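Report on the following structure.
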Amino acid sequence: MEFINDGPINTARGHYSQAVVANGFVFVAGQLPVSRDGGGSIPAGVEGQTREALTNVARALGAAGSSLASLVNVTIYLTDIENWPAVNRIYSEMLRDHRPARTVTVSPQLHFGCLIEIQAIALASEK
């Protein structure tokens with residue numbers, strides 16, 4: 001196993017890794033829409049938060065040598081299912097024709113008051 005906690009991602013603040021590479025897969029911990037630019041800001045609105053959370057997933061995958069194009073499964077946590085159409089629109093813009101398996105679930109409260117959190121599994125790069 002390889003634990004990913006550096007590079008273009010912030011070190012996890014709790015007792016976990018941002019991503020773990022194991023058995024040909026990359027397991028990405030839930031990514032909140034918290035800016036990785038050092039400021040830790042959270043975009044306003046679900047569209048901006050969706051872009052930031054997916055960007056953080058992409059950064060974690062990149063640090064593990066993978067990418068959004070290698071996603072096989074995505075779990076999206078929303079605080080309000082009414083935000084689903086906007087989230088789906090941004091998601092499809094960012095993933096384009098790639099369509100991994102996906103689960104969407106409602107979580108009444110996410111850390112830092114975020115509206116979305118995204119967890120993912122992708123294929124690891126072949127080394």
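Quick note: the coordinates plus some simple rules give every number you see, no bench work behind them. Predicted model only: the values in this text are computed from it and were never measured. Positions of Cβ are backbone-derived with ideal geometry, glycine not excepted, and every protein chain shown enters the neighbour counts.
Residues considered: Ser35, Ser107, Ser92, Ser41. Of these, the only one that is under 22 Å from Val20 (Cα atoms) and not aromatic (Phe, Trp, Tyr) is Ser35.
Filtered by the rule that a residue be surrounded by fewer than 19 Cβ atoms within 10 Å (Cβ to Cβ) and either touching a helix residue (DSSP H, G or I) at 6+ places or on another chain (Cβ under 6 Å) or within 19 Å of Leu115 (Cβ to Cβ) (or both), segment 52-82 gives Thr55, Ser67, Thr75, Thr79, Asp80, Ile81, Glu82. Hey, can you tell me all the residues within segment 108-127 that are without any contact (Cβ under 8 Å) to a residue 40 or more places away in the chain and among the acidic types (Asp, Glu)? Result: Glu126, single match. Among the strands (runs of 3 or more DSSP E) confined to segment 21-127, the ones with at least 1 residues that are of a type in the set (Gly, Ala, Ser) are located at 25-31, 101-106, 116-123.
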